[in-house]
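Asker: Sharing a structure below in structure tokens format, with a few things to ask.
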Amino acid sequence: MLKKLTRSIREYKKPSILTPVFVILEVFMEILIPYLMARLIDNIGDMGYVIRLGIFLIICAALALLFGALAGKTAATASAGFAKNLRFDMFRDVQKFSFANIDEFSTGGIVTRLTTDVTNLQMAYMMIIRVAVRCPITMICALIMAFSVHSKLSLIYLIIIPILGFALYKIMTTAHPVFEKMFRVYDKLNNVIQENLHGIRVVKSYVRENHEEKKFKEQAGDIYKYSVKAEKLLAFNGPIMQLCIYSTMLVIFWFGAHFIVNSGGTDLSTGNLTSLFTYTMQILMSLMMFSMVFVMVTMARSSAYRIYELINTKSDITNKDRPVKYIPDGRIHFDHVSFAYPGHTRSLKNINLEIPSGAVVGIIGGTGSGKSSLVQLIPRLYDVTEGRVTVGGRDVRNYDLDTLRDGVAMVLQKNVLFSGTIKENMRWGNENATDEEIKAACRAACADEFIDTFPDGYDTYIEQGGSNVSGGQRQRLCIARALLKKPKILILDDSTSAVDTKTDALIREAMQQAIPGATKLIIAQRISSVEHADMIVVMDGGRIDGIGTHEELLKSNEIYKEIYESQVKGGGEDE
């Protein structure tokens, strides 16, 4: 895990290495200062010696300050850079995920990993390269100096350090599982927030604010519960440290005074006792700072596992060696295809379907009949469970993913527009499209009629998700965006449900002119959207129930006939 995470350090290796170097130099200066102070106190009568030593002390203090500032700067650069790279690496990996991979993680879980968890690792990394280096070196050097001053009196450290170390270890191991639970609740809280904001219009229209507040309060309450529990455990850190510090100082003060009095200053001088007090503070403060590192690492450990879980997930849809980078035409063949979403029963069962290039195919069926699942297999948003799907005579798994998805344009029922102008949104379909090409695509999608009414026209700013345009306008803009791709295959997944039948007919007619050679798959709930198709596929329960033209299906397929009568004849008459 550590090896994988530390790959994100990359160009910040230099400040990551320089930080410990500056810290070590800072510690050496700080360890030298108490020794020099002891010499100064014991030779206070020799002014020449005091002046020379005082100047040297000032230089050591200035160097310690300089090295400390440099360590702080390089540590901040290294940790911030590590966090930046880690976020980018995670985001890049998410972009490569298949739909099945994304389904494994909730949206809130991914957001928490990219924000809170990375911040925890950033803080931990900074403490590791700075504080975690400083503490043991300070403690070891201070112990050596303390034993060189008075070995008997310094034995107290050998008693107090193991006691303190054991106490900190117990706190860390007890708090870690609590933090893991707390971060899982953070995922749920983020999901609640995102779901609420995404569906805020529905919440308000159904007057469900109180219900949403209750959901939020429950998750926030769980975070509070685990946070308090963890903080209660970590709260023992301070009192234990204070107890150890003051106990050690009292022992040194008591026995040090006796050593000075009984030996007349020959065994232990006043200056040496003063330096011992300083070394005691350095040793125990280094342990206290080390305990802070433990606390941060305890929190970061849970975050590190969660981040590793995401970056270690490999997309189950990848390119094969030497993939095909050209789609000859829009022929589609489903050959004994079955498909099941991870952890679910089969959505498609033994589908056999041949679609010639350039054909217009209507797909109709009830909710849950497998229509959307069927078309999502064509651009490999999911891979088949059994059988194979071919495009242009080749298995879709043999194509380069970018080539395949660039040749297949999908317009979904839940259309997504991104924040930016209409032109910028259109250029998702073709980044090099001219203004005239954009206008032509919008005319074909009947989007020009409302764009021309906007004061800024094609430079009108679209809010995130297209919240400042209607559902029908979003659908037409998304159709125009797809037409700009000039795809070999165009899939409309119930993407004209929010437009009237007249506009629907105009869009279908214009599409034939805009991309005449493309294969068009139209998923619809309305018979009028598919009745003029070259072929209509009726889906039911994940199977193909019937294939034919409008007239053929009216005679031979009960499901199609029932849908037609319910829409056209208002349910039909009893026969």
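Asker: To check you understand DSSP bridge types, tell me what percent of the beta bridges within the chain (both residues inside) are antiparallel, rounded to 5.
Answerer: 50
Asker: Taking the chain as the reference, fit the longest principal axis to its C-alpha atoms, fit the long axis of helix 13-42 to the helix C-alpha atoms, and give the angle between the two in degrees, 0 to 90, nearest 10.
Answerer: In the chain, helix 13-42 runs at an angle near 20 degrees to the longest axis.
Asker: Same structure, new question: Using 0.36 nm per residue of separation minus the Cα-Cα distance, give me the extension gain between Trp254 and Leu66 in nm, one decimal.
Answerer: Between Trp254 and Leu66, full extension yields 64.0 nm more.
Asker: Could you order the peptides 363-370, 217-224 from most to least packed, using the average number of other C-beta atoms within 10 Å per residue?
Answerer: 363-370, 217-224
Asker: Can you tell me the FRET efficiency between Val261 and Asp46 if r is taken as the Cβ-Cβ distance and R0 is 22 Å, rounded to the nearest 0.05?
Answerer: Approximately 0.35, to the nearest 0.05.
Asker: Please calculate how many Å² of accessible area the stretch 182-259 carries per residue, with a 1.4 Å probe and no DNA, RNA or ligand atoms counted.
Answerer: Here the residues of the stretch 182-259 average 69 Å² of exposed surface.
Asker: Can I ask one more? Just the number please: accessible area per residue for the stretch 335-390, 1.4 Å probe, all protein chains included, in Å².
Answerer: It amounts to 38 Å² per residue over the stretch 335-390.
Asker: Relative contact order for the chain: what percent, with Cα pairs under 8 Å and sequence separation of 6 or more?
Answerer: 14
Asker: Given charges of +1 on the Cβ of Lys and Arg and -1 on the Cβ of Asp and Glu, with all other atoms neutral, how large is the dipole of the stretch 228-360 about its Cα centre, in debye to the nearest 20?
Answerer: The calculated dipole for the stretch 228-360 is roughly 420 debye.
Asker: Next up: How far is helix 118-129 tilted, in degrees, relative to the longest principal axis of the Cα atoms in the chain, given as a value from 0 to 90 rounded to the nearest 10?
Answerer: Helix 118-129 sits roughly 30 degrees off the main axis of the chain.
Asker: Also: Using only Cα atoms, tell me the angle between helix 270-311 and the longest principal axis of the chain; keep it within 0 to 90° and round to the nearest 10.
Answerer: It works out to around 10 degrees.
Asker: In whole percent, how big is the carbon plus sulfur part of the accessible area of the chain, probe 1.4 Å, protein atoms only?
Answerer: That share works out to 59 percent.
Asker: Could you provide, to the nearest whole Å², the per residue accessible area of the stretch 490-563 with probe 1.4 Å?
Answerer: Result: 44 Å² per residue.
Asker: Taking Cα pairs under 8 Å and at least six residues apart, what relative contact order does the stretch 446-512 come out at, in percent?
Answerer: Taking the mean separation of contacting Cα pairs over the length of the stretch 446-512, I get 34 percent.
Asker: With the Cα gyration tensor of the chain in hand, convert its eigenvalues to equivalent ellipsoid semi-axes via √(5λ) and list them largest first in whole Å.
Answerer: Result for the chain: semi-axes of 72, 25, 22 Å.
The values are calculated or read from the model by the stated rules, or taken from the named source; none is laboratory data. This is a predicted model, so every value here is computed, not measured. All Cβ positions, glycine included, derive from the backbone under ideal geometry; neighbour counts span all protein chains shown. Please note that ligands, DNA and RNA were not included when accessible areas were found on the heavy atoms of the full protein model with its side chains. Shrake-Rupley method; radii C 1.70, N 1.55, O 1.52, S 1.80 Å.
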